[in-house]
1. Direction-averaged shadow area of the convex hull around the Cα atoms of the range A:15-167, nm²?
2. How far apart, in nanometres, would the label points at residue A:371 and residue B:392 be if each is projected 7 angstrom from Cα along the Cα-to-Cβ direction?
3. Using only the C-alpha atoms of the range B:79-235, find the volume of their convex hull and express it per residue in Å³.
4. Given the rule -39500 (n - 2.57) for each run of at least 4 DSSP H residues, summed and divided by the residues of the protein assembly as shown, what is its mean residue ellipticity at 222 nm, to the nearest 500 deg cm²/dmol?
5. Given N residues in the range B:145-212, what is Rg(Cα) / (2.2 N^0.38 Å)?
6. Using R₀ = 45 Å, calculate the FRET efficiency as 1/(1 + (r/R₀)^6) where r is the Cβ-Cβ separation of residue A:78 and residue B:12; round to 0.05.
7. Taking beta carbons within 10 Å but only from partner chains, what does the mean come to for residues A:80-86?
8. List the distances, in nm to one decimal, from the label point of residue B:151 to the label points of the same position in every other copy, shortest first, placing each label point 7 Å from Cα along the Cα-to-Cβ direction.
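Please treat every number below as a calculation from the coordinates, not as lab data. Please read all numbers here as calculations on a predicted model, not as lab measurements. Glycine gets a Cβ as well: all are built from the backbone with ideal geometry, and neighbour counts include every protein chain shown.
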């Protein structure tokens, strides 16, 4: 299900990165007093091994003992042995493969591996017996965690205490993929904004967005929010059978992974139907000018050392000063990488300090329930001395005929 | 992200079903001594409320007290209030909506709701104080479960002990959707088998499969396994850059949800490139005849009261009798519905007895590593007196020119 499609000219993650990431994760886990990391199918597994699979009821799990140099094992159902063996970390011999049969207990196998790792460590010269604490990946299914908790008497905590530190700061290749994804999404936004919109349903436009994202090289087209008129007031609206009319705004928020790394961009469009009298009214234009300034202020505030909450405040203060603070009902942004939403979150109360290489969205919005919504979203990488903006399509309110 | 696209003429789940499902889940949960069911984003939530959302770091959770008539609450981030309010169970007033702000603890809110439910029940006349045991949905993320375990001192077990019984037996509308999905996938299989294949990459064919599944009304095209030549020996191969050659087999295994309910069908194709001398050899044809008989035997064994393991054995015995038992390396099938893989699993060791209305795949395969693979898969509904086969495309080895 994972495909191994390669694109000529596309940046790939050098295989050595996986060895370095696994070693770093083992080291940090040991520092935190964990016995092992238990990484199920999902972005953490892909980050550490390059193995991308679908989460299913059959357990696939990387068991990484928290000790430098100890071998990590990828536990996989036998019928997935071939793709697992082909993943970069396994193919390069950085990890061992442990297959299980349909009638075996995969969770018991994981428990045995953890106990072996803990015992080896306790018996090693100078090795202090670690408490049996393990870290599990965030997106592991609860059904797997509950079964592990049954067969493995240990403390269970999040592996994200280890992985988030690593994954938040992107490698150069990861930034290159994010940049490529952003450029591809920009082209889709521009194509949609310059095409016919009036008289089509949101769902029909969303379908075109998805096709274009795939045509532009995206792995999958994960979302295509086409929120017209009053639907724009719902930030996570999808795309309905509502027919787009002349004289209304559309919030277009699209993206998905490309080479594993996400695009996510939002622009606000106003369709006149070709009738100049059906342009945006003064209230909308005023609010949009505020939004634009809020977006600009937050972007300009990005630099190493700035806190996540200060970036959020930079956007929020502008909107609040204009008397619209109650209409900005979500945080300013979220990290992006192998997941569409990941650390760092750009949210009030987060004292996390930005580092060069962190990638996240800046996406203030203003939502007037029953009437309209507006949002502008770019993906930003924190550079060594300021923001590196990955989306380059125009941030203006796109007033188009749409016919 | 969820869309609310409606298709004229497509069967929908009547809204009353959601009330009945929630009530049944509450009753069974109470019988099992649970205090509440905690249902995160995923198929269980969709089953109970009709609400389909993407699993994300922001908690969305149905808290259903295990007491007949007690109101269930859907806890959602404020910015998703609009789509949540629009889901069938909320729109019909069967459940309450509880929104939380970006800076609130959603997990704490869930814990409070569980405690309130337990307290109300303990205080009610004749109400025995329930032990604080809760059931969580299978696909809830571990990150959410760990946080709930922190703030709610309770025993945590799987909600699937409740939900699987309900979800396994399909309503008539669910069967109608599965049937529609199957017919759509059949048309895609037939189109692919009759088109050009030789000289194309697997990935290119997979792309066509995905487009056709969407054109046929699928919500998403979740998988398109195109496994040519030796790749066919890996049951969960995806689609690679391997170029399909003349004189080799292709395992085509495709599907995805339509109206929420999955299709999943596999056929085996042999491409000659138009050269009759490049047809299948005797060994392949012999194995395929065995496979076909195994598939037929398992299908014929389907009836209420038959055990899941007996269906598995019906297929496995035929393949083993032909001396190929070691090459059938997976279970015979899996349930299907709102998930692509769900209960009942058709696997050795499962004494589960089939009931009318259960839907599952029958998909024996034979895999010769380094050489080829073959698999045949239909979705079957257990009828009141035998199998109701949802896939109707020809089960024969499809020997085609493919040029």
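1. The number I arrive at for the range A:15-167 is 8.0 nm².
2. 5.4 nm
3. Roughly 213 Å³ of hull volume per residue.
4. -11000 deg cm²/dmol
5. The value comes to 1.95.
6. That gives a FRET efficiency of 0.65.
7. 5
8. Ordered by distance, the counterparts are at 3.1 nm.
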